[in-house]
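Visitor: Input: one structure, supplied below.
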Amino acid sequence: MFFDLLEKLFGTSHILWFIVPILIYLVLRYNSLVTVKHNVTKALSNIDVLLKQRHDELPKLVATCKQYMQHEQSTLEKVIQARNHVATANNAGDIAALGVAEGVLRQSLGSLFALSENYPDLKADQQFTNLQSRITSLENNIADRREFYNEAVTINNARIEQFPDVIIARLLSFQAFRTLNFEATELSDVNVEALFTK
């Protein structure tokens, strides 16, 4: 009916001049939304790589600390439990749980590094200092990548709510993503470097 009306008003050949630009516009908007969605996935994948690297380093850190910190088993166990919670949340793709688990892990690491001050032999151990440096670097990179991820999520979520993208997003089931937030107590980074430079 709509096309019949257009044909009467503009003629058959002119309908194409009307429809083709609209179709091109819709395809470009759709492709743009797909790119924005994949930027979120890519940003999360970058965090995932860093989390897995840190996941592999933490048992080495705990094993090194066990040699010197015989009476701090509960602290060491908390680090491993927190590490496992981060892995579980990450594998499940549960961003809210990942944020909480990250907060607990960061607190556990902060406690471990603070307690290590009482063990001069541990602080002098080369493997410990190497692991401490590596984990500090990974922590900083995770914080940076979290910022990129949250920015990608914000862009995606805004785009799927803006007109005319909202029409395409709803028709084709584009979804909003959750930002990765750490607990309020974890908004200030653990300054691991400062704990070891005295």
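The values are calculated or read from the model by the stated rules, or taken from the named source; none is laboratory data. Values in this document were obtained by computation on a predicted structure and should not be read as measured data. Here the Cβ positions follow ideal geometry from the backbone for every residue, glycine too, while neighbour counts run over all protein chains shown.
Visitor: Six or more apart or on different chains, Cβ atoms under 8 Å: show the pairs whose first residue is in region 133-159 and without any contact (Cβ under 8 Å) to a residue 60 or more places away in the chain and whose second is charged (D, E, K, R).
Guide: Taking only residues 6 or more apart or on different chains, the pairs are 136/193; 140/189; 143/189.
Visitor: If you scan region 64-86, which residues turn out to be hydrophobic (A, V, I, L, M, F, W, C) and surrounded by fewer than 18 Cβ atoms within 10 Å (Cβ to Cβ)?
Guide: The initial filter retains those residues of region 64-86 that are hydrophobic (A, V, I, L, M, F, W, C), namely 65, 69, 76, 79-80, 82, 86.
80 - this is the single residue of region 64-86 that is hydrophobic (A, V, I, L, M, F, W, C) and surrounded by fewer than 18 Cβ atoms within 10 Å (Cβ to Cβ).
Visitor: Quick check on region 66-85. Is at least one of its residues assigned to a loop (DSSP other than H, G, I, E, B), free of Cβ contacts under 8 Å to residues at least 60 places away in the same chain, out of contact with any Asp or Glu (no Cβ under 9 Å at 6 or more places or on another chain) and hydrophobic (A, V, I, L, M, F, W, C)?
Guide: Start the filter on region 66-85 by keeping residues that are assigned to a loop (DSSP other than H, G, I, E, B), which leaves 69-72.
Those still in the list that are free of Cβ contacts under 8 Å to residues at least 60 places away in the same chain too: 69-72.
Retained after the next criterion (residues that are out of contact with any Asp or Glu (no Cβ under 9 Å at 6 or more places or on another chain)): 69-72.
Filter again for hydrophobic (A, V, I, L, M, F, W, C), leaving 69.
Yes, region 66-85 contains a residue that is assigned to a loop (DSSP other than H, G, I, E, B), free of Cβ contacts under 8 Å to residues at least 60 places away in the same chain, out of contact with any Asp or Glu (no Cβ under 9 Å at 6 or more places or on another chain) and hydrophobic (A, V, I, L, M, F, W, C).
Visitor: Take the conditions at pLDDT below 95, of a type in the set (A, V, I, L, M) and either farther than 21 Å from residue 80 by Cβ or not in a helix (DSSP H, G or I) (or both) and apply them to residue 167. Does it pass? First the steps, then the outcome.
Guide: Values: at pLDDT below 95: yes; of a type in the set (A, V, I, L, M): yes; either farther than 21 Å from residue 80 by Cβ or not in a helix (DSSP H, G or I) (or both): yes.
Yes; evaluated as a whole, the condition is true for this residue.
Visitor: Before we move on, is residue 92 modelled with pLDDT under 90 and aliphatic (A, V, I, L, M)?
Guide: On the way: modelled with pLDDT under 90: no; aliphatic (A, V, I, L, M): yes.
Answer is no for this residue.
Visitor: Whether any residue in region 182-195 is of a type in the set (Val, Ile, Thr), at pLDDT below 95 and not in a loop (DSSP other than H, G, I, E, B) is what I want to check. I'd like the intermediate steps shown before the answer.
Guide: Within region 182-195, the first condition is being of a type in the set (Val, Ile, Thr), and the residues that meet it are 185, 190, 192.
Then keep just the ones that are at pLDDT below 95; that gives 185, 190, 192.
From what's left, not in a loop (DSSP other than H, G, I, E, B): 185, 192.
Yes - at least one qualifying residue is present in region 182-195.
Visitor: Condition first: without any contact (Cβ under 8 Å) to a residue 24 or more places away in the chain and either aromatic (Phe, Trp, Tyr) or in contact with a Gly (Cβ under 7 Å, 6 or more places away or on another chain) (or both). Can you find one or more residues in region 162-174 that meet it? Reasoning before the result, please.
Guide: Initial filter on region 162-174 (without any contact (Cβ under 8 Å) to a residue 24 or more places away in the chain): 162-163, 166-167, 170-171, 173.
Keeping just the survivors that are either aromatic (Phe, Trp, Tyr) or in contact with a Gly (Cβ under 7 Å, 6 or more places away or on another chain) (or both) gives 163.
Yes - at least one qualifying residue is present in region 162-174.
Visitor: Sticking with this structure for a sec: Go through region 154-164 and report how many residues are outside any helix (DSSP H, G or I) and either closer than 20 Å to residue 97 by Cβ or charged (D, E, K, R) (or both).
Guide: Qualifying residue count, region 154-164: 1.
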